[in-house]
Structure formats: structure tokens, C-alpha cells
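Q: Take a look at this one; I'll ask things after.
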């Protein structure tokens, strides 16, 4: 069983020139309850089914299980998903010994750009580039499973 340990940040500067790759991502949720989200993702020509548990108390760690499926299977499962599809481009940006994944959202969440850094340990100190802004790891409104229900375009104070 896998563990996901990550921190999320808003973006305050230019990052695209540092990206080594970009991926088109479309995803929906078969279940978006915080205790267990079940996500279907189409990433370029691949499909994925992912199950995530809720964060442990006072922790940024959570259970994550992912299985690659065909793009056709993912397209079929997306038809069963809850209302609200996430559409984004993910930029892969190396920085130091880490990979920063920067998601630029489109559709209902256009204008939102978030970065995620996966960690090996919750207490790991990481060097951050100057284009990373405020940390939003503990703010649930930035979770993709919440953005599909309450998209960025509906936020009063962005």
C-alpha cells in the first residue's frame, strides 16, 4: 500500500520556461467524500484509477493506490463520475533533487495554478524556488475533489 506525502503551493511567478514536460489531464471522481476519493484520470494517452484515503490527523500523509487502465476504460468510467470534471495541464519542473508538478487549470477552474511537491518524509526540509507562493497544503478548497464541486470561478476572494 502506497503513501502520498505532499505539500501544495500557489504560484507567484514564471515557471513554464523551467518545465521539461507537460501533460494534458482530464479527471473525474467516482467518489469525492474526504474519507476515500476514487479518481479516474486520463493523462495524455493513458488512463488511471486512483483511490486516496483522508489525511491522518495533524499529518500531510495519506493512503494512495493507483492502477493504470486503458484510455478507453478511463473514458467509460468518466461517464459514471460525479458532476464536475477537472481539466488541467501539468508541467513537470525539476528543482534541486525534487520534481515539482505545476497544474494550470482550465474550464470552471481557469485562473488557478497550483504546485505540488512530493516528499519522502513529512518533516523533510525542501528548498523552494522563488516562484512558489503561499502554502495551501492544509486548505481543502484546493483539493481537486473539492474544486470539482466548488470551482475556482465561484470563489469570492481568490
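The values are calculated or read from the model by the stated rules, or taken from the named source; none is laboratory data. All figures in this text were calculated on a predicted structure; none of them were measured in a lab. Glycine gets a Cβ as well: all are built from the backbone with ideal geometry, and neighbour counts include every protein chain shown.
Q: Here are 146, 136, 93, 83: which of them is surrounded by 14 or more Cβ atoms within 10 Å (Cβ to Cβ) and under 16 Å from residue 27 (Cβ atoms)?
A: Every option except 146 fails the conditions.
Q: So in region 29-83, with the set limited to residues that are in contact (Cβ under 8 Å) with a residue 60 or more places away in the chain and touching a helix residue (DSSP H, G or I) at 6+ places or on another chain (Cβ under 7 Å), which one is nearest to residue 105 (Cα to Cα)?
A: Filtering region 29-83 for residues that are in contact (Cβ under 8 Å) with a residue 60 or more places away in the chain and touching a helix residue (DSSP H, G or I) at 6+ places or on another chain (Cβ under 7 Å), the one nearest to residue 105 (Cα to Cα) comes out as 29.
Q: Only one of 118, 108 is surrounded by fewer than 17 Cβ atoms within 10 Å (Cβ to Cβ), within 22 Å of residue 28 (Cα to Cα) and in contact (Cβ under 8 Å) with a residue 40 or more places away in the chain; which?
A: From the options 118, 108, the qualifying one is 118.
Q: Among the residues of region 126-151, how many are farther than 16 Å from residue 32 by Cβ and not in a loop (DSSP other than H, G, I, E, B)?
A: Total satisfying the criteria: 4.
Q: Could I ask something else about it? Any idea how many residues of region 1-40 are part of a loop (DSSP other than H, G, I, E, B) and over 25 Å from residue 51 (Cα atoms)?
A: Number of matching residues: 6.
Q: May I pose another question? Identify the single condition in (1) at pLDDT below 95; (2) closer than 28 Å to residue 94 by Cβ that residue 53 does not satisfy, given that it satisfies every other one.
A: The one condition residue 53 does not meet is (2).
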